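Right, one structure below, let's go through it.
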Amino acid sequence: MKGTVRVRFAPSPTGFLHIGGLRTALYNYLYARSQSNGKFILRIEDTDQKRTIEGAEDDIMKSLRWCGFRIDEGPEQGGDFGPYRQSERKDLYMEYGEKLVESGHAYYAFDTEEELTEMRERLEKSGNPSPKYDSITRQSMKNSLTLPSDEVEKKLNRGDEFVIRLKVPRRETVRFEDEIRGHVSFETKGLDDQVLLKSDGMPTYHLANVVDDHLMEITHVIRGEEWLSSTPKHILLYQYFDWDPPVMAHLPLIMSPTGGKLSKRKAEEEGIPVNTKSYIQQHYEPEALVNFLAYLGWSPGDDSEIHSLDELCRLFTLERVSKGGAVFNHKKLLWYNEHYLREKPNLSLVNRIRKITDDKIIQDAEDEYLQKVVDLMKERVSKIDEFISYGRFFFYDPEEYDEKALKKWKEDSPDLIRAYRDDIAGFDKGQFKADKLKSTLQKVIDDKGVGFGKLMMPLRIATTGMGFGPDLFPALELLGKETVLRRIDNALNRLP
Ligand code: GLU
């Protein structure tokens, strides 16, 4: 094996970066950084121009940057092995495709779309459920193995459309060791003669991927399990080019909590965002998503759970990546998010809250007031935007009262609340403090001979409009006497 570890993240810019893709990027990144002087390379696999989407590459870059990954070589960073966009390497693949034809491991095929369809239909009719262009069928098709060489020459010179196909051997077992799955073997019988170069001169994923991994001196291919079935074709290519294949490591699938692969549809059903972009837009903490994804298929082997990206880089090993599917537990992600949110200084949260809201009142509130709001709410929120949604009452009188909470507004509530109001109405500013507000409530319930909740709930509803929230008395202190009395009076007027 070559000296330094070189890994690549090789997304196709066919859509926004999927959360599974982000995990692949993360594991590659962690592996590169776990090695001394390892390199993390970004390669954009945009050979399927029809499926390439504008903005997808930017989205990938933005997502990786958001997570805090440093890319050593890539389209923006450059490097000694560029260009790092496959569309810019087009000519190179043709050369390698032709090399394979010369060595007898690939061939030109001239079949038209109609001829291919006809072949498939013919085979289906004769009882073959998955017809392939393979060692048997290729013998009756139009290619450089069946046509006389002067005709092939003529066609090529004339500029007839052709593809280059891999000549997959009839009966062979392709074997390789996967760092995660162990020994893997595939029978070539089930493979088709993969198209390597398309008629537009563009390579398919398989050829471009293998050629680039070789030329870019990639030492480890770490990618999702969905690519495992492509690997035998790649191994054949390495063999035919006479190149050493990189170490292969196929990551476990990401599973839905209700079972099965976490498809786009399933994720949507369960309220799990699928694109990294959505996590950014929904204001998740990047450290939380990174920490969570690191554990989605890997663990350090002890019961520690919280690790920064730097720590993960030190701890990560491929040996501890699991084979079995990893279940996406959204609650666990929120748990991580809460953790990282609470670690952040209040002032930095305040600055971010100002940026994500378009509410003038919140934007213009004093730093000191906002910091107190953040301090009171910090233990209750899972995401930063909840400071704004659940903390609305710190800025606005309740316009309505939460219906579920109102079930706790009982017949005796107005009386109890009125008694409390009369007591606190006489407080001066120095007395309007959390402790005193609390002891006053205690006094009222003792006088009336009722339980704590009997007054606490209505008081919370009247002053916040909600049935849950931060510690009430410090919140009332922050709201101030005038606001609290006004809200109590409003509630007494509006609620039966
Ligand atoms: N372009 C492939 C993708 O979109 C790369 C797969 C691989 O890593 O080989 O994921």
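The values are calculated or read from the model by the stated rules, or taken from the named source; none is laboratory data. As the structure is a prediction and not an experimental result, all values here were calculated from the model. Every residue, glycine as well, gets a Cβ built from its backbone with ideal geometry; the counts of neighbours run over all protein chains shown. Side chains are part of the model used for accessible areas, which takes the heavy atoms of the whole protein and leaves out ligands, DNA and RNA. Shrake-Rupley method; radii C 1.70, N 1.55, O 1.52, S 1.80 Å.
Here are a few things to note about the model shown:
- Value of relative contact order over the chain, rounded to a whole percent, pairs C-alpha under 8 Å and six or more apart: 13
- The GluC sites (Glu not before Pro) of the stretch 31-97 meeting both criteria, a DSSP state outside H, G, I, E and B (loop) and at most 12 other C-beta atoms within 10 angstrom of the site's C-beta, are Glu54, Glu76.
- Gain upon complete extension [Arg158, Ile306; 0.36 nm per residue less C-alpha separation]: 46.9 nm
- Cα centroid of the stretch 412-466 to Cα centroid of the stretch 1-65, whole Å: 58
- Gained length - Glu98 relative to Leu485, 0.36 nm times residue gap less alpha-carbon distance: 130.9 nm
- The relative contact order of the stretch 138-225, computed from alpha carbon pairs under 8 Å that lie at least 6 residues apart in sequence, is 21 percent.
- Annotation: the stretch 22-73 has a Kirkwood hydrodynamic radius of 12.1 angstrom, from the mean reciprocal C-alpha pair distance.
- Percent breakdown of C-alpha pair distances by 10 Å bin, ordered from the shortest bin, for the stretch 358-496: 11, 43, 35, 10, 0
- Qualifying GluC sites (Glu not before Pro) in the stretch 391-496, DSSP loop, other Cβ atoms within 10 Å at most 12: Glu399, Glu400, Glu411
- Per atom type, the stretch 143-255 shows carbon and sulfur on 44% of its accessible surface, probed at 1.4 Å.
- Shown here is the pair-distance distribution of the chain: with all Cα-Cα distances grouped in 20 Å bins from zero up to the longest one, the shares run 19, 38, 24, 14, 5, 0 percent.
- In the stretch 391-496, trypsin sites (Lys or Arg not before Pro) in a DSSP loop with at most 16 other beta-carbon atoms within 10 Å: Lys407, Lys408, Lys410, Lys429, Lys433
- If you plug the beta carbon distance of Glu151 and Glu269 into 1/(1 + (r/R0)^6) with R0 = 51 Å, you get a FRET efficiency near 0.35.
- Rg then Dmax, both in Å and based on the Cα atoms of the stretch 1-102: 14.6, 46.
- Stretching Leu253 away from Arg380 to a fully extended chain increases their span by 42.4 nm, per 0.36 nm per residue minus the current alpha-carbon distance.
- Distance distribution note for the stretch 80-169: the fraction of Cα pairs above 15 angstrom is 66%.
- Prolate/oblate/rounded call for the stretch 130-225, Cα gyration tensor, a/c under 1.5 rounded: oblate
- Ligands, DNA and RNA excluded, the heavy atoms of Thr317 present near 40 Å² of accessible surface to a 1.4 Å solvent probe.
- Summary value for the stretch 134-188: 29 percent relative contact order, contacts being C-alpha pairs under 8 angstrom separated by 6+ residues.
- Once exposed loop chymotrypsin sites (Phe, Trp or Tyr not before Pro) are cut out (DSSP; at most 13 other Cβ, 10 Å), longest piece of the chain: 1-395
- Average accessible surface area per residue within the chain, 1.4 Å rolling probe, Å²: 48
- Surface calculation, 1.4 Å probe, protein heavy atoms: Ser263 sits at approximately 40 Å² accessible.
- Exposure check, 1.4 Å probe, all protein chains in place: Ile53 carries approximately 80 Å² of accessible surface.
- Computed in the context of the full set of protein chains, the accessible area of the stretch 1-82 at 1.4 Å probe radius has 44% of its extent on carbon or sulfur.
- Of the two radii for the stretch 158-298, the radius of gyration is 1.05 times the Kirkwood radius, both from the alpha carbons; that is the Rg over Rh value.
- Put a plus charge on the Cβ of each Lys and Arg, a minus charge on the Cβ of each Asp and Glu, and nothing anywhere else: the dipole of the chain about its Cα centre is then about 1140 debye.
- Share of carbon and sulfur in the accessible heavy-atom surface of the stretch 386-496 [1.4 Å probe, %]: 48
- Distance between the stretch 167-208 and the stretch 310-388 - C-alpha centres, whole angstrom: 44
- The convex hull defined by the C-alpha atoms of the stretch 413-458 has an orientation-averaged projected area of 2.9 nm².
- Cα pair distances of the stretch 286-424 binned at 5 Å [whole percent]: 2, 8, 14, 14, 13, 11, 11, 10, 7, 5, 3, 2, 1, 0
- If you take all other residues with their beta carbon under 15 Å from the beta carbon of Pro398, and give Lys and Arg +1 and Asp and Glu -1, the sum is +1.
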